[in-house]
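Notes follow once the structure below has been shown.
All of the numbers you see were taken from the coordinates with simple rules; none came from a lab. The structure displayed is predicted, hence computed values, not measured ones. As a convention, Cβ positions derive from the backbone with ideal geometry for all residues, glycine included, and neighbour counts pool all protein chains shown.
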Amino acid sequence: MTVSTHDIFITLVAIHIATGTVGLISFWIPVAGRKGSASHRRFGRVFINTLFATGITAVGIATATLIAPLATHPHLTEHEVFHDPIMIRAIFGWMMLYLATLTVNLAWHGRLALRHKKNHRATGTGSNHLLQIALTAASTTCLFKGYSVQQPMMMGLSLVGFATVATNYWFIFKPQPKAHDYIKEHIKSLVGAGISVYTAFFAFGAVRLMPELALTPGLWAIPLATGLSLIIYHQYAVTHKFQLQKWWRSE
């Protein structure tokens, strides 16, 4: 029996949806729960591990799309915007590959920030450097492919990848980090990974349910605005907590 690209694609999509659903749900338990608690650590591990699986399968889905755009997306052959193989490759191939790389990058960096909390330079492992290179390449490709098909959404999203690499390296090579900087980096990375997964969920899910809304800026702005608010709030709470502790020790 011959296994087609479409068969592989469908299998990867099924795994992707299953792991992604677990990730989307488990994301909120560490975010809303008491930090450092047993449930925070347990579901945090579930979230990170499922994100790795979700990201890796997304790489496979994107690759299959780049190889056979019409065979993997036959439901779009009559669509006004997405019927063109070039457009399918751009949105469901290159952009998905970029979001998958972004998700894995953030999840891995956030995990390392916590693991090496006593030595932030140790976060700069060989694997982490490779992920920064991969994300830079994926962001650049997303930017230029977005320009080639005149999709501002792709070009705008690529900037998130460049910013991620810049802030990751800023943390790794920071000369004298504060004692709580690793917590803030952990928050930034893992909430950022959650934003990436929810963005993909809204965008690619919308194409199947409501294709005309797939590239609507408002739809993409929902997870971004929610995630940025969570990052700002939790980073402020961490800073405030450590400032209070420092004040009490000085008294």
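When residues of region 123-140 are filtered for being within 11 Å of TYR169 (Cα to Cα) and outside any helix (DSSP H, G or I), how many remain?
Qualifying residue count for the region: 1.
Could you tell me which numbered condition LEU97 fails, if it satisfies all but one of (1) surrounded by 14 or more Cβ atoms within 10 Å (Cβ to Cβ); (2) at positive phi?
Looking at each condition in turn, LEU97 falls short on (2).
Just to be sure, is ALA122 touching an Asp or Glu at 6+ places or on another chain (Cβ under 6 Å), of a type in the set (A, V, I, L, M) and farther than 24 Å from GLY60 by Cβ?
no
Going by the structure shown, is ARG121 basic (Lys, Arg) and in contact (Cβ under 8 Å) with a residue 12 or more places away in the chain?
yes
Quick one: which residue in ILE56, ILE91, ILE29, ILE61 is in a helix (DSSP H, G or I), without any contact (Cβ under 8 Å) to a residue 60 or more places away in the chain and crowded, with 18+ Cβ neighbours inside 10 Å?
ILE61
Go through the residues of region 105-114 one by one and say whether even a single one is surrounded by fewer than 17 Cβ atoms within 10 Å (Cβ to Cβ) and in a helix (DSSP H, G or I).
no
Identify the single condition in (1) buried (at least 16 other Cβ atoms within 10 Å of the Cβ); (2) in contact (Cβ under 8 Å) with a residue 60 or more places away in the chain that HIS75 does not satisfy, given that it satisfies every other one.
(1)
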